[in-house]
Amino acid sequence: MATGNINVTAENIFPIIKKFLYSDHEIFLRELISNATDATLKLKHLSTLGEIKGDIGNPIIEIKVDKEKKEIRIIDQGVGMTGEEVEKYINQVAFSGAEEFVEKYKDKVEDSGIIGHFGLGFYSSFMVASKVEIFTKSFAEGSKAVRWECDGSPKYTLEETDRTERGTEIVLHIDDDSLEFLEESKINELLNKYNKFMPIPIKFGTREENLPLPEDAAEDAKPETITVDNIVNNPTPAWTKSPSDLTDEDYKSFYRELYPMQFEEPLFNIHLNVDYPFNLTGILYFPKLSKSVDPTKDKIQLYQNQVFVTDNVEGIVPDFLQMLRGVIDSPDIPLNVSRSYLQADGAVKKIASYITRKVADKLISLFKNDRKAFEEKWDDIKVIIEYGMLSEEKFFEKSDKFALYPTVDKEYFTFEELLEEIKPSQTDKDNKTVILYASDVKSQHSYIDAAKEKGYQVLLLDSPIVSHLIQKLEGSKENIQFTRVDGDHIDNLIKKDEEQISKLSDEEKETLKPIIEGAIPKETYTVQLEAMDSNANPFMITQPEFMRRMKEMQATGGGGMMGMGNFPEMYNLVVNTNNELVGEILNTKTKKKQERLIQQAFDLAKLSQGLLHGEELTKFIKRSFQMVK
Ligand code: ADP
Ligand code: MG
């Protein structure tokens, strides 16, 4: 029996590990299962290389909990350790046998899948255990089994023991302040969180399974049951397979496996797979974004060699894609650094731009292969795409090939198609092509109607960030301008050369203007006299495009909008001087009647914009009843 001091420079490293190394105590199980997995993977690699003779069987990992004895055991059938190896790998904190293996076999074994790296994981067991024992026997011929024990002080014990089978058994004597980990439900929760897709089968207890009934069984026959190992993980999750081996249904069922509480099917998926200049695999899903979507749930999960690490992918996945779901597995993401450092990391930047490119390429191919289906999905995916167009220049450049602009009648154009369609009719006298859009079909109905009557196309752009997006489009495309359809009278939105003749003379206009101004709140409404079609409404309320867009951008938080204060509500009151009623207002002799006419026409205009409420509405209704008497 040998005793000695664990070789660390600090007087006592355990308190440090316990307190600071891992903020989450629960990760001890992930670390120990990772080690057991590494030991098993090493065994398999050595067997493939012929360095181990004979059949290695189908090694699994087993977790056992003994609540009475306050013990958790992690048992593997991997390579095991000799006494010297225990001294080397366990006693020397921060010496990684995993890293050593990868280095030694890097030319012979491609993608070893080995998880360990820093030589610190094992010590996380002292976060929950007051004493740890290792029973281990190496695969190497003639090696003797050893038992190592340590109580969290730098002193350890190492002695021979009589274990006969190859592999390692770690015994954790759980500390009194960590007894929660002795609950079966807690262990199940941890296994499900961290180990669900690890590559070696993990057994936790047993379960009953029904045997299939024989063909000629009686109708009320009860199936026979057998007891089988309860394997808690799927060692070969979809993302580790080749896309050509997976069907649509496979992708969907993997989605359900990832998010068992999610009942909506995904819209489509993107399979990621690169090995140069970094290693990354994964599957991303575009979810159906229902109103009830909770962005904090069912997020993209990040794995390293099939071990769950986190579902906070900030800095790794571009912001606009964080609404996607799925998994990313990459051993190349440095996770022991702060997130802000991560964003500056060259490899991570490459990963983010790779993901962006793959998503754009997938959208292009979906659009090309089945445009109809793509159009049907547009409403569900547009927010993500529009956000991407705004935030990622590379994505914006590609978006011309798949971004859609639907009309109020649900006809879908690409930007190029749209321009071709509207250029002849919607180009104004200054040679700008005016793109008309509505944000709400119901409340802007009369304006949409007026535009359609002219033969114009009206888009329906109703996502929350639309004002930012059109600002961006106007900045990058030439000679176009977006205008919301209720921004002004249609003839003013797309100004052509032909002038309407005014029925009122200039003097008459000069008399009319102050009369109207005197009857309405001047601070909010600017009176604008226009000679329009005599059939067009006498009064119309519009909000200048610029004003409205600034307000919207301010509301959704936009670059450069800070510190501009709140914009006041400002509207135009467009008065059609060619409408009969306006002539009547001008020529009415009694002041009282004149005011009533203005008030009534003004209220009607407000009503059609949804601006008439409360006391004003009550007054309007009273006045209307008196007028029909
Ligand atoms: P890492 O896994 O990053 O190398 P650990 O502290 O988790 O660091 O483990 C240190 C080393 O101890 C491992 O690299 C491995 O050589 C050895 N080891 C730990 N657990 C086992 C095990 N179950 N079977 C065989 N060797 C093990
Ligand atoms: Mg480890």
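Numbers for the structure displayed
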read-out	value
Flag for THR164 being over 40 Å from the mean Cα position of the chain (by Cα) and within 16 Å of ligand 2 (Cβ to nearest atom)	no
Failed condition for ASP440, given (1) more than 29 Å from GLY610 (Cα to Cα); (2) within 28 Å of the chain's Cα centre (by Cα); (3) assigned by TED's automatic domain parsing to the domain that holds GLY475	(1)
Hits in the stretch 41-80 - residues which are in contact with a Gly (Cβ under 9 Å, 6 or more places away or on another chain), within 13 Å of ligand 2 (Cβ to nearest atom) and within 18 Å of ILE134 (Cβ to Cβ)	LYS42, ASP76, GLY78
Selected residue (only one of LYS186, LYS252, LYS196 is of a type in the set (D, E, K, R), touching an Asp or Glu at 6+ places or on another chain (Cβ under 7 Å), surrounded by 11 or more Cβ atoms within 10 Å (Cβ to Cβ) and in the same structural domain as VAL65 (by TED's automatic domain parsing))	LYS186
Positions within the stretch 578-601 being surrounded by 15 or more Cβ atoms within 10 Å (Cβ to Cβ) and assigned to a loop (DSSP other than H, G, I, E, B), in sequence order	ASN578, ASN579, THR588
Evaluation of LEU604 against (1) surrounded by fewer than 17 Cβ atoms within 10 Å (Cβ to Cβ); (2) part of a helix (DSSP H, G or I); (3) of a type in the set (A, V, I, L, M) (one fails), failing number	(1)
Looking only at the stretch 38-84, and only at residues there that are in a helix (DSSP H, G or I) and under 16 Å from GLY121 (Cβ atoms), the one that is nearest to ligand 1 (Cβ to nearest atom)	ALA39
From PRO538, PRO521, residue being within 21 Å of LEU604 (Cβ to Cβ) and free of Cβ contacts under 8 Å to residues at least 12 places away in the same chain	PRO521
Criterion violated by ILE283 - all others in (1) exposed (fewer than 15 other Cβ atoms within 10 Å of the Cβ); (2) touching a Phe, Trp or Tyr at 6+ places or on another chain (Cβ under 9 Å) satisfied	(1)
Residues satisfying the stated conditions in the stretch 89-133, i.e. free of Cβ contacts under 8 Å to residues at least 24 places away in the same chain, part of a helix (DSSP H, G or I) and more than 8 Å from ligand 1 (Cβ to nearest atom)	VAL102, GLU103, LYS104
Yes/no for ILE231 being over 13 Å from ILE283 (Cβ atoms) and out of contact with any Pro (no Cβ under 9 Å at 6 or more places or on another chain)	no
Residues satisfying the stated conditions in the stretch 424-442, i.e. in contact with a strand residue (DSSP E or B) (Cβ under 8 Å, 6 or more places away or on another chain) and not in a strand (DSSP E or B)	GLN426, ASP428, LYS432, SER439, VAL441
In the stretch 96-140, the residues that are within 15 Å of ligand 2 (Cβ to nearest atom) and among the charged types (D, E, K, R)	GLU99, GLU100
Extreme residue, surrounded by the fewest Cβ atoms within 10 Å (Cβ to Cβ), among residues of the stretch 124-137 that are in contact with a strand residue (DSSP E or B) (Cβ under 9 Å, 6 or more places away or on another chain) and hydroxyl-bearing (Ser, Thr, Tyr)	SER130
Tally, over the stretch 141-168, of residues that are in contact (Cβ under 8 Å) with a residue 60 or more places away in the chain and surrounded by fewer than 17 Cβ atoms within 10 Å (Cβ to Cβ)	7
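One line per residue, one yes/no per condition, for (1) modelled with pLDDT under 95; (2) assigned to a loop (DSSP other than H, G, I, E, B); (3) among the acidic types (Asp, Glu):
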site	(1), (2), (3)
ALA347	yes, no, no
LYS350	yes, no, no
ILE381	yes, no, no
LEU390	yes, no, no
ASP409	no, yes, yes
GLU416	no, no, yes
LEU419	no, no, no
ILE422	no, no, no
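The values are calculated or read from the model by the stated rules, or taken from the named source; none is laboratory data. Source: prediction; values computed, not measured. Please note: Cβ atoms are built from the backbone with ideal geometry, for glycine as well, and neighbour counts cover all protein chains shown.
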